[in-house]
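The block underneath contains the structure these notes are about, expressed in structure tokens.
The values are calculated or read from the model by the stated rules, or taken from the named source; none is laboratory data. Please read all numbers here as calculations on a predicted model, not as lab measurements. In this analysis, Cβ positions are derived from the backbone assuming ideal geometry, glycine residues included, and neighbour counts consider all displayed protein chains. Ligands, DNA and RNA are stripped out before the accessible areas are found, and what is left, the full protein with its side chains, is counted by its heavy atoms. Shrake-Rupley method; radii C 1.70, N 1.55, O 1.52, S 1.80 Å.
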Amino acid sequence: MENEHVVNDTPAVSAELFSGRSSYLKERFIRSVWFMTAVFGVLTVFFILAFLVIDGIPIFATVSPVEFLFGTTWNPTGAIPAYGTLPLWIGTVLVTIGAMVIAAPLGIACAIVIAELASPRLKAVFKPATELLAGIPSVVYGFFGLIVLTDFIRVNFDIPTGETWLAGSVLLGIMALPTIISVSEDAISAVPKEYREGSLALGTTRWQTISQVIVPSALSGITAALILGIGRAVGETMAVLMVTGNAAIIPDPIYNVLSPIRTLTGTLGIEMGETAIGSAHYHALFGVALLLLLITLAVNLSATVILGHIHAKQTGSGKGPGRLSALLARYQQNLKIAAVAFILLLVAFFVSPLVALVFALIGAALWYIPSHIQPRHQQNIAFSLLYVAIAVVLAALAIILGYIVINGLPAINWEFLTTAPRALGREGGIFPAIIGTLYLVTGAIAIALPIGVGAAIYLIEYTRENILTKLIRTGVDLLNGTPSIVFGLFGFSFLVLYLNLGISLIAGQITLALMVLPTVIRTTEEALRSVPTSFREGSLALGATQWQTISRVVIPPAIPGIITGAILSIGRAAGETAPIMFTAVVFSSRYLPSSLSDPVMALPYHLYILATNVPGAETNQYGTALVLITMVVGIYLVAIAVRTHYQKSIRW
Amino acid sequence: MDTSAVIETQGVNLWYGDNQALTNVTISFPEKTITSLIGPSGCGKSTLLRCLNRMNDLIPSCRIEGGISYHGTDLYGPAIDPVHLRKQVGMVFQRPNPFPKSIYDNITYGPRMHGIRDRKTLEQIVEESLRKAALWDEVKDRLSASAMGLSGGQQQRLCIARTLAVNPDVILMDEPCSALDPIATAKIESLMEELKSQYTVIIVTHSMQQAARVSDYTGFMYMGELIETGETAKIFENPEKELTNNYITGRFG
């Protein structure tokens, strides 16, 4: 009542204040559209989870959950089918451990070199080079592993086949490197320069400063980097599938790295295409996918939590050092001793007490000797080792790229690029595969870009941090960590079967779109966040509405960032095999798809089949790999160029 | 005064890229005194300070000419290792920069890096340095707490204690009070007075009052040049140069 009274009494001036009713409605409408795009991400995660559960649960009618998890035999096609996933997830764990043994030291060393040691000129080489590693499609890694790495292992260790745990770990290690390097480097670079100066001013060497102040300060970021690397390794399908031999056995003895091995992802990749829909085997595979998803969710959630702690610390919203790092610091000495003792016990138990003793002696020497070397010499040794590490990584990149380019170039000619394959791809070209990949990627980005950008706008511009945004962000993070093969299974079960779209272009496009959605959302968020608040305040203070402010003032300077995100997504989508394997592709098709419901050929899948199923197609294998790598790396280079160009030109 | 100089510079020129930041600076810093460098922002006083423990080496585009000697040896000569030099010539920065470690670890960091491992010795160093920095009574019960939880003034005194722990000869202070409130500033200033009995202190400050209060000698810098130097009382009461007079009477800067 009182309010009404006030309104009636207000003089004419305020008539204008109340006239904005229709524009208010418009604002509300726009806001709700962005809200729905943001919620889409969360819903997708629940949807994926729900469909895996629905399709996975029926297996427990056949075997008990305990037997499913801990049964030692996986033989779904045998006379008496067995569905024990123990060898599979042990395989995943072992391959991942092996990968991290390789990737963790190399990755952290490279991050230190890039963040602390390299001159600006060297940094301009090292950083894009390590990022390039992320640009190589996993099927190309797999191809390289199959042709070169396994052969190398077979010859050098004198074993009948090189398709082993070791091969898988080496490949996965290389593939996990870019994640570990870039996240650790960010963490190290974020250490305040004051720490560095404070330490150096006390007369310490650079190495002492790096090892005693900088790396410990960046420890939680480096931990998160390692966990993300683990997530990457656990979720990888194609490369592992192609080099590990895929025997569902537990290595005997358990540390035998030359034993073949089979992972959860590999099982899905191999068996999904060959099982009858609705059979126990089919449901068992969804159970495997569920297990895989839960493992990666747990891994990625812990990384998110750790990174969140760091963010709170940097923005000053946390109090002092994080609880975790404080705890770690307090019990550092004890933790170290406990960890060493545990590892030695493990070795003594599984391998032999003698080996454990040797390790202990080497460890003691390593612990004792450095304190008796002059700091200056310590620094020389340490820096040399760091540079050796980055040299190893660059050499790996050069070998992979060089091998494929040298062998692939002879295959490339006009006919190869413009004609359809003949004789199962041994002859003829790859034109339909190129076009198919382009169709898939275009469709995927056309779907993911509006949804992703909308979600990011909602998250950054319309809400303060609250439970809902936290939920949405977590959803996006989880989506980001979901293995690509799980997207493939979801696409198959939901799009192909449930919606009855069949193996079709549209099913592949949607599946890929879901996969790249988190990348689009994250990069757009970054871009919007980097637009200063003063721009928004300036516009709002002139009486512009929120949407006017966003569309005219905030988005234009954020466009380069958004484009970079889009390009990165295109690159990722173009190189992926697992999500389209069961949803969109056929190996051979003489014709181009005439509608969205036709299946297509695609480069990564074509390469996969040529490399694994078609003997005598060597030339065309290399040719396809080269075309694929050129396409994806080319796309990434464009993204890097766009980013560096605008980083230089935008200063406010 | 010249006979007891710890550090002397002789016609120092310094460039950042093409930018000349110091022009022909000649000054000497007498032993066990406090010398302050004053001047308007950008006059090169911090740059000069950072030459004295070669912290400028860390800036790639930095080029230096002229002589700086430390107890008579050339500071930039081949025989000098900047790492060893910085042990002798410690530095306290504008903003307190304790490491994200415990108070104890902050103090013992330097000594341990220089090879002291004995726990007893380290504990002794911690107490001694904290006492000298007038912080012992405030933190003695929580040495294992994080240094980040201290107040700004306490953090700065911790940084001074950390510098004392490596037993330097000279202490450089780069506007050590500019991020602190008046009470914390007063504590640091009285601390400097005590440090003078054992160390040579060189301080860069924005506050002319501070320079007048704490220092024995004062150098006034302007546009990369040392305009005038001498006993503090003389500089403030009876400067030789017109420019100095204008600055200390507040006509510019």
Solvent-accessible surface ranking, highest first, for B:129, B:41 at 1.4 angstrom: B:41, B:129
Potential extension, residue A:412-residue A:426 segment - 0.36 nm per residue separation minus Cα distance: 3.7 nm
C-alpha center-to-center spacing [region B:66-136, region B:177-253] in angstrom: 24
Hits among aspartates and glutamates - C-alpha to C-alpha of residue B:101 under 18 Å, sequence gap 8 or more where chains match: A:194, A:197, B:123, B:127, B:138, B:141
Threshold 10 Å² - residues in region A:169-203 whose accessible area is reduced by that much or more when the chain is no longer isolated, probe 1.4 Å: A:194, A:195, A:197, A:198, A:199, A:200, A:201, A:202, A:203
Surface accessible to a 1.4 Å probe, residue A:399 within the full protein complex, Å²: 100
Ordering of A:47-57, A:149-159, A:438-448, A:366-376 by packing [mean C-beta count within 10 Å, highest first]: A:438-448, A:47-57, A:149-159, A:366-376
Rounded if a/c under 1.5, otherwise prolate or oblate - chain B, Cα gyration tensor axes: prolate
Accessible area per residue, Å², chain B with all protein chains present, probe 1.4 Å: 44
Those aspartates and glutamates that a straight Cα-Cα span of less than 18 Å connects to residue A:123, excepting residues fewer than 8 apart in one chain: A:131, A:185, A:186
Fraction of accessible area attributable to carbon and sulfur, chain B (%, probe 1.4 Å): 47
Cα-Cα over 31 Å, subset of A:127/A:193; B:45/B:132; A:336/B:187; A:193/B:234; B:187/B:241; B:140/B:196: A:336/B:187; A:193/B:234; B:187/B:241
Amide H within-cut-off set for residue B:26, under 5 Å, with H built and near neighbours excluded: B:11, B:12, B:226
Residue B:6 long-range amide H proximity, modeled H, under 5 Å: B:29, B:31
Virtual paramagnetic centre 7 Å along Cα→Cβ of residue A:646, amide N under 12 Å, in region A:526-568: A:526-531, A:555-568
Shielding by partners - mean other protein chain Cβ count within 10 Å, residues of A:370-377: 2
Threshold 20 Å², region B:91-107 residues less accessible with all protein chains present than alone (1.4 Å probe): B:93, B:95, B:97, B:99, B:100, B:101
Distance between region B:23-51 and region A:176-208 - C-alpha centres, whole angstrom: 30
Relative contact order (percent, whole number), region A:82-330, Cα cutoff 8 Å, 6+ residue spacing: 26
Rounded accessible area of residue A:309 (nearest 10 Å², 1.4 Å probe): 80
Mean shadow area of region A:412-647 over all directions, Cα convex hull, nm²: 14.6
Surface accessible to a 1.4 Å probe, residue A:31 within the full protein complex, Å²: 90
Average silhouette area of region A:82-330, convex hull of alpha-carbon atoms, in square nanometres: 16.8
Mean separation of Cα contacts under 8 Å (6+ apart) over length of region A:48-105, as relative contact order %: 22
Cα pair distances exceeding 47 angstrom across the protein assembly as shown, given as percent: 39
Phi to ³J(HN,Hα) by Karplus 6.51 cos²θ - 1.76 cosθ + 1.60 over region A:288-303, Hz, x for Gly, Pro: 4, 4, 4, 4, 4, 4, 5, 4, 5, 4, 4, 4, 6, 4, 5, 5
Largest to smallest accessible area among B:137, B:81 [probe 1.4 Å]: B:137, B:81
Accessible heavy-atom area order of A:414, A:547, highest first, probe of 1.4 Å: A:414, A:547
Enclosed volume per residue, in Å³, of the convex hull spanned by Cα atoms of region B:102-159: 72
Region A:412-647 - percent relative contact order, Cα under 8 Å, separation 6 or more: 30
Heavy-atom surface of region A:412-647, accessible at 1.4 Å and reported per residue (Å²): 39
Under Karplus coefficients 6.51, -1.76 and 1.60, residue-wise ³J(HN,Hα) of region A:273-284 in Hz, glycine/proline x: x, 10, 10, 6, 5, x, 6, 4, 4, 4, 5, 4
Rough spin-label spacing in nm, given labels placed 7 Å along Cα→Cβ, for residue A:302 and residue A:123: 3.2
Neighbourhood net charge (9 Å Cβ-Cβ; Lys/Arg +1, Asp/Glu -1) for residue A:617: -1
Where A meets B: accessible area buried, both sides, 1.4 Å probe, Å²: 2000
Amide H partners (placed H, <5 Å) of residue A:428, local residues excluded: A:422
Protein accessible area in region A:412-647, 1.4 Å probe - carbon and sulfur %: 63
Within 10 Å of each Cβ in B:78-84, the average number of Cβ atoms from other chains: 3
Rg/Rg_ref, region A:516-652, where Rg_ref = 2.2 N^0.38 Å and atoms are Cα: 1.47
Karplus-derived 3J(HN,Hα), 6.51/-1.76/1.60, for each residue of region B:182-189, Hz, glycine and proline x: x, 5, 4, 4, 4, 5, 5, 5
